[in-house]
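Data block below; observations after.
No lab work stands behind these numbers, since they all come straight from the coordinates. The structure displayed is predicted, hence computed values, not measured ones. Here the Cβ positions follow ideal geometry from the backbone for every residue, glycine too, while neighbour counts run over all protein chains shown.
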């Protein structure tokens, strides 16, 4: 009897210890505060329960390691299927950072140069009418100084230029200004496919060999496959389902490799990628320096959502002690965001199947700033809305 009582007492103490460690395990935020896993879980549950976003995949990195991960909420409001660890989200423009890593891997192999004009690799008939396009390099594309609009299908040229709607054009001489552009990434994707004897339908196979497999990224694809078809969550715009493969170019479908916004993944996979950038990245030292070096300075931070500059496929903004790096993603029905600090090796990333991901990020930042969570926590923090890039 005494032995049984001792066992029960021991088990009770172990249970209490596990509950205590879950409540008080501390997560270090980029704001310099600490939050417990329990407080984090309460905050996330409240956001899901409030209807702010149907589903979330989120991860936090401390000291270059993933210390927190949750896949919560609803994957499909009609069937009530829950989000789980295998649920796949559209990464939207977070695709650009991972594509940039892919490009730099090929630069390290000597397949292309950051500063060789892309037309020497592959002429581009879509913009051949403007000779200035022959100045465009991979560096300009990845730092958004190519001169292209974001998308020709939605960002039309000024009517005074008499450029037909839907035609590709240049806003300025390449390399002279900053202008966020998915079109540049699309062109660079075509160049990469050409140089590696692929096309947009087969390029993801090379990405798997060069990036996903070496880095151990379980769920990261730029083109459709059976796993995505089975596990992809439904995206929503103001509660209305929009189930369509992302694309901004005429004729684009799920077979195309979408460098600017086609990545399909989830938080644990993407956080593993970000942690690799903080640790052993698999890139040469020169490429890593180029990745995070300020390629273009942004003087109007208000116009650029607080960003002060861009590296290659990644932007900079003021951090607690040193600049943070971040990227926003917005495919409408899917929104995403990451923010990291390379020196401190901290950060977070999330994916939401809703057009309210930006609002969620404001609340998350406010929660991180206060360091605790309560029902009234949303009163604190940011007052302006973060304009998520497409």
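Data for the structure
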{"read-out": "Residue among 48, 27, 111 with the largest mean-square fluctuation in a Gaussian network model of the chain, springs linking Cα atoms under 10 Å", "value": "111"}
{"read-out": "Rounded FRET efficiency, nearest 0.05, which uses the C-beta distance separating residue 41 from residue 172 and R0 of 41 Å", "value": "0.30"}
{"read-out": "Centroid-to-centroid separation of region 341-365 and region 203-276 [C-alpha atoms, Å]", "value": "18"}
{"read-out": "For the chain, built as a Gaussian network whose Cα springs stay under 10 Å, the top-fluctuating residue of 171, 199, 331", "value": "171"}
{"read-out": "R0 of 41 Å, Cβ-Cβ distance residue 128-residue 49: FRET efficiency to nearest 0.05", "value": "0.15"}
{"read-out": "0 to 90° range, to nearest 10: angle between helix 267-278 axis and the chain longest Cα axis", "value": "70"}
{"read-out": "Likely footprinting exposure, 207, 334, fewest C-beta neighbours within 10 Å first", "value": "207, 334"}
{"read-out": "Projected label distance in nm at residue 286 and residue 179, using a 7 Å step from Cα toward the beta-carbon", "value": "3.1"}
{"read-out": "The chain, helix-only ellipticity at 222 nm - DSSP H runs n ≥ 4, -39,500 (n - 2.57), divided by all residues, nearest 500", "value": "-9000 deg cm²/dmol"}
{"read-out": "Folded to 0 to 90 degrees: helix 2-24 orientation relative to the chain principal axis, Cα", "value": "40"}
{"read-out": "Gained length - residue 160 relative to residue 343, 0.36 nm times residue gap less alpha-carbon distance", "value": "61.1 nm"}
{"read-out": "Extension gain from residue 294 to residue 250, taking 0.36 nm per residue of separation minus the Cα-Cα distance", "value": "12.5 nm"}
{"read-out": "Per-peptide average of other Cβ atoms within 10 Å, ordering 178-189, 254-265, 305-316 highest first", "value": "254-265, 178-189, 305-316"}
{"read-out": "Within a Gaussian network of the chain (alpha carbon springs, distance under 10 Å), most fluctuating of 352, 302, 220", "value": "302"}
{"read-out": "Modelled FRET efficiency - R0 45 Å, residue 226 with residue 197, Cβ distances, 0.05 increments", "value": "0.95"}
{"read-out": "Principal-axis tilt of helix 182-195 within the chain, Cα atoms, nearest 10 degrees", "value": "80"}
{"read-out": "Extension gain (nm, one decimal) between residue 115 and residue 84, 0.36 nm per residue minus Cα-Cα", "value": "6.9 nm"}
